[in-house]
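The structure under discussion appears below in the form of structure tokens.
The values are calculated or read from the model by the stated rules, or taken from the named source; none is laboratory data. Since we're looking at a predicted model, the values are computed, not measured. Positions of Cβ are backbone-derived with ideal geometry, glycine not excepted, and every protein chain shown enters the neighbour counts.
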Amino acid sequence: MGIEIKTVGVIGAGQMGNGIAHVCSLAGFAVRLHDISEERIKAGLATINGNMARQVSKEAITDAERQAALAQIVPALTYDDLGGCDLVIEAATENEEVKRKIFTNLCPSLRPDAMIATNTSSISITRLAAATDRPERFIGIHFMNPVPVMQLVELIRGIATEDPTYESAKEFIGKLGKTVTVSEDFPAFIVNRILLPMINEAIYTLYEGVGSVDAIDTAMRLGANHPMGPLQLADFIGLDTCLSVMQVLHEGLADSKYRPCPLLVKYVEAGWLGRKAKRGFYDYRGEKPVPTR
């Protein structure tokens, strides 16, 4: 039998973590939100409050629902504060070393029957599970960004993940009102295995001078009916994240078709990481985004 999930810990109060805390609290779960500093937790809570207020103004939820959900989220300043959780979801930066360190330090604080999940978009679930004391209770639960809006969650079992863990995770995602797609544990899973090489190819198209930023994004928006162009999407995801996923694909599958475009590397080296850095393939410092090439 899988564990019944009632209290969810979230490690990381950034873009993904606060979105996960947001949907869990609205679905009636008790949430413990952790990050490396109290300031970051507070910033995450402020973002959740703002996003929920927007949902209220769109009449997606009521103000009473917003208040009830916010009351469900409690800051967790230490890993020990996550001790009562049935499930802890790690949503830290997309860096294997950082994630492994979190799991090593987290495990002693958890109950033996607690489940651990990672929100990684590309790293091996089997390898991350091996950094814990409970690989059979470890699973990949990959939410899409922005979490409150996106319907899909990828569920990825590691080689050691047991059936009850998988069943509990599936039931949990159902309670969030999201749709599960199951992926095998190969680099970047399903969505990013297909999406990131497309973005990388769009960057090559720019790099080789086939089209300008504007031409490429307009072409894919209107020619392939994509809601946003691939370069605009790259800026939204974060160019550092795009690069790290391409590196995982390139190293993990050893196929030259996954080679990160040198222009993507250059932008990341410049610190032009997209929307969050105010510059990427577009410059976001003015009234409206302007292409940088």
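The table below gives the values:
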quantity: In segment 259-279, the residues that are closer than 14 Å to residue 207 by Cα and either aromatic (Phe, Trp, Tyr) or in a loop (DSSP other than H, G, I, E, B) (or both); calculated: 259, 260, 261, 267
quantity: Test: residue in segment 50-67 that is assigned by TED's automatic domain parsing to the domain that holds residue 147 and within 20 Å of residue 172 (Cα to Cα); calculated: yes
quantity: Verdict on residue 171 being acidic (Asp, Glu) and within 21 Å of residue 25 (Cα to Cα); calculated: yes
quantity: In segment 193-236, residue surrounded by the fewest Cβ atoms within 10 Å (Cβ to Cβ) [restricted to those that are within 12 Å of residue 264 (Cβ to Cβ) and charged (D, E, K, R)]; calculated: 201
quantity: Lone qualifier among 241, 218, 205, 179 - being more than 25 Å from residue 276 (Cα to Cα) and among the polar types (S, T, N, Q); calculated: 179
quantity: Residue under evaluation residue 115, criteria (1) more than 24 Å from residue 239 (Cβ to Cβ); (2) out of contact with any Lys or Arg (no Cβ under 7 Å at 6 or more places or on another chain), criterion not met; calculated: (2)
quantity: Hits in segment 241-260 - residues which are surrounded by 20 or more Cβ atoms within 10 Å (Cβ to Cβ) and within 15 Å of residue 121 (Cα to Cα); calculated: 241, 242, 243, 244, 245, 246, 248, 249
quantity: Scan of segment 1-38 for residues that are assigned to a loop (DSSP other than H, G, I, E, B), farther than 18 Å from residue 99 by Cα and among the small types (Gly, Ala, Ser), ordered by number; calculated: 2, 27, 28
quantity: Members of segment 1-45 found to be touching a helix residue (DSSP H, G or I) at 6+ places or on another chain (Cβ under 7 Å) and of a type in the set (A, V, I, L, M, F, W, C), listed by number; calculated: 1, 3, 5, 8, 10, 11, 13, 21, 26, 27, 31, 33
quantity: Contacts under 7 angstrom Cβ, first residue in segment 256-270 being in the same structural domain as residue 238 (by TED's automatic domain parsing), partner of a type in the set (S, T, N, Q), 6 or more apart; calculated: 260/200; 260/247; 261/200; 264/200
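Listed here are the residues, each with its yes/no results for (1) without any contact (Cβ under 8 Å) to a residue 12 or more places away in the chain; (2) among the aliphatic types (A, V, I, L, M); (3) surrounded by fewer than 13 Cβ atoms within 10 Å (Cβ to Cβ); (4) under 13 Å from residue 148 (Cβ atoms).
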residue	(1), (2), (3), (4)
9	no, no, no, no
15	no, no, no, yes
18	no, no, no, yes
38	no, no, yes, no
41	no, yes, no, no
48	no, yes, no, yes
52	no, yes, no, yes
68	yes, yes, no, no
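Yes/no matrix, rows are residues, columns are (1) in contact with a Ser or Thr (Cβ under 8 Å, 6 or more places away or on another chain); (2) within 22 Å of residue 212 (Cα to Cα):
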site	(1), (2)
248	yes, no
253	no, no
265	no, yes
277	no, yes
281	yes, yes
285	no, yes
288	no, yes
291	yes, yes
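So that you can scan it fast, the table gives a plain yes or no per residue for (1) polar (S, T, N, Q); (2) within 24 Å of the chain's Cα centre (by Cα); (3) within 21 Å of residue 152 (Cα to Cα):
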{"site": "180", "(1), (2), (3)": "no, yes, yes"}
{"site": "184", "(1), (2), (3)": "no, yes, yes"}
{"site": "232", "(1), (2), (3)": "yes, yes, yes"}
{"site": "260", "(1), (2), (3)": "no, yes, no"}
{"site": "271", "(1), (2), (3)": "no, yes, no"}
